Amino acid sequence: MYSIETRDLTKKYGDFVAVDHISFTVKRGEIFGLLGPNGAGKTTTIKMLTGLTPPTEGDALVAGFSIVRNPIEVKSRIGWISSEVILDDDLTGWENLEIQARLTGVKNWKERATELLKYFGILEFKDRKAGKFSTGMRKKLEIAMALLNSPEVIFMDEPTIGLDVNTRATMWNLIRQINKDYEVTVLLTTHYMEEADSLCNRLGIINKGRIIAMDTPEELKNKYGGDVIEIELKPGAKLNVSLENTQVTDSRVRIRVNNAESALMDVIRAVGGDNIKGIRVNKSSLDVVFINLTGGTMEEQEFDARRFYAMIRRARR
Amino acid sequence: MMDRLYALYMREAKRIFRSVYMWIMLISQPVMWLIFFGSSFSGVPKQVLISFFHTDNYIAFILPGELAISMLFVGMFSSMSLIQDKRFGYLKRVLITPTPKYDVFLAKVLGGMTRGLIQAPILLAVSVVLGVRMNLTPLSIGVLFLSLAFVGIGFSSLYSIFTLKTADWQAPGVISNLINLPLMFSSTALFPKAFFPSWLKLISDVNPLTYAAELNRGMLLYNDPSWNYLLYLAVFALVMLSLGSVLTNKFLYAE
């Protein structure tokens, strides 16, 4: 049984293709992650799957209903957690829950809300204004709101962005817990490798609107992993090497090897010690998977983000 | 069905009632109009006042007009509230639930109307203190509030329609600048139209503010209201509300 099934889901803003014919499935009860740099199309995908914006092309079944033909049915079976916490800060925690319950059409919402607040350990703060909550409490309140209507799927858009290390670890545990205790499928987006690695059962790596690899974190590391030796070149360095699995950019050489420690000396000899300004070794991790798949680090890919948003703004006018 | 509108409307209402600044604004603005603007004719000889305004107290003349104007001015807050929800992402939260878009619009309009209606009892009380004698009966008060509700609904809708597609903070201010002053001065809220040039009279004759001011003037001062005017206001409110609901469903997006 699938909770989410997308077929050639596409979103264009003018000429710009934000999401480009992506197809994937998420099984019931899974934690599925979309990993990619800013502007890769993660948020746009969530917007389409939650019925906030219609796809330009393609379709998706969420909780068994088409987002194109039955968005209302989809909306009553999902929960959503934004990357920036969105609450009404002038209202109390309880009032925020009440609005959410009425909007999603939950009967007996008071029992459900009390139970959820107890579950997250914030029941005693229910009459405090949401604006006075700490960041961690706000996140918990938001998750409680997302669970009110007993959703089949919860969408989390970069759930731990802007959180400190401790709160992030707490969030990871919370996500695992609600996935288990409330039997809810989770689709989350992230650009933190370690988050995707530790949290997700399966993972889609998304870049420039396309899913370029999809598997469990372990399999991805097996298939596309390996160590990467990254060499920063001195200005004006002249290279005449051709090694296998090598990418050369203006000031950088990246070489994929099975074991960095044993290959390092050969690599240095091949590039030439005089040309080298610095060396970095990346041991096998999702970082390496990403580099191997896209030919660049997340940071480098992110430069496209600014252009991406500029194009969206232009297309909207 | 009504549950969703109720939830969104209660949110608007709570935010209004809990804001200290809102109360300062709601009380001070109409009261200052009455006291400062209303007193500007107090030295005029009685015969002149009677022949020109058909009452010997200018405050009595502008009270019904000012009540109507205050319903016009609050329209801006519906727009502002909608833009705030876009800016802070709250609209996303709402639109990801099975809530129809027009419920968002209706809640903003009813919120604006509520904000305006709070001003009415304050204005009435201040006028009584200032010595205005009025025909206050359950019927006249009921009709007064009903007519003001129509004006509030109409103008809050109009404002929200104009800013449906924008998330710019500046927009409500610009719209209010373009709407408020022309409508206020082309109505008979502040002055009778006897000396208006003919083009201004034309605007005045379709301006809902004129109908609200004349209806309530007739009722509060002379106990002789023109019921057609109430009908006109009801139609105005209904048309604006329907138009806004349709346009909202079509053009409102979360950001």
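Computed values, structure above
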item	result
Debye log10 I(q)/I(0) for the range B:2-251, one point scatterer per Cα, at q = 0.09 Å⁻¹	-0.40
Mean Cβ count within 10 Å, highest first, over the residues of peptides A:106-114, A:73-81, A:133-141	A:73-81, A:133-141, A:106-114
For chain B, built as a Gaussian network whose Cα springs stay under 10 Å, the top-fluctuating residue of B:M22, B:M219, B:M184	B:M22
Residue mean of other protein chain beta carbons inside 10 Å, A:94-104	5
Rel. contact order, % - alpha carbon contacts under 8 angstrom, at least six apart, chain B	28
Separation between Cα centres of the range B:8-25 and the range B:179-228, rounded to whole Å	30
Pair A:I279, A:E183: separation of 7 Å Cα→Cβ label points (nm)	5.5
Chain A, relative contact order in percent, only Cα pairs under 8 angstrom and at least six apart counted	22
Calculated P(r) tail over 23 Å for the range A:150-257, as whole % of Cα pairs	48
Choice from B:N135, B:N216, B:N57 with maximal GNM fluctuation in chain B (Cα, 10 Å cutoff)	B:N135
R0 of 41 Å, Cβ-Cβ distance B:N135-A:E124: FRET efficiency to nearest 0.05	0.15
Among A:L117, A:L220, A:L239, residue whose mean-square fluctuation peaks in a GNM of chain A (springs only between Cα atoms under 10 Å)	A:L239
Acute angle (nearest 10 degrees) that the helix B:227-251 long axis makes with the longest principal axis of chain B, alpha-carbon atoms	20
Percentage relative contact order, the range B:52-168, counting C-alpha pairs under 8 Å, at least six apart	49
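Taken together, the values in this text are just the output of simple stated rules run on the coordinates, not laboratory data. None of these values were measured; they are calculated from a predicted model. Glycine gets a Cβ as well: all are built from the backbone with ideal geometry, and neighbour counts include every protein chain shown.
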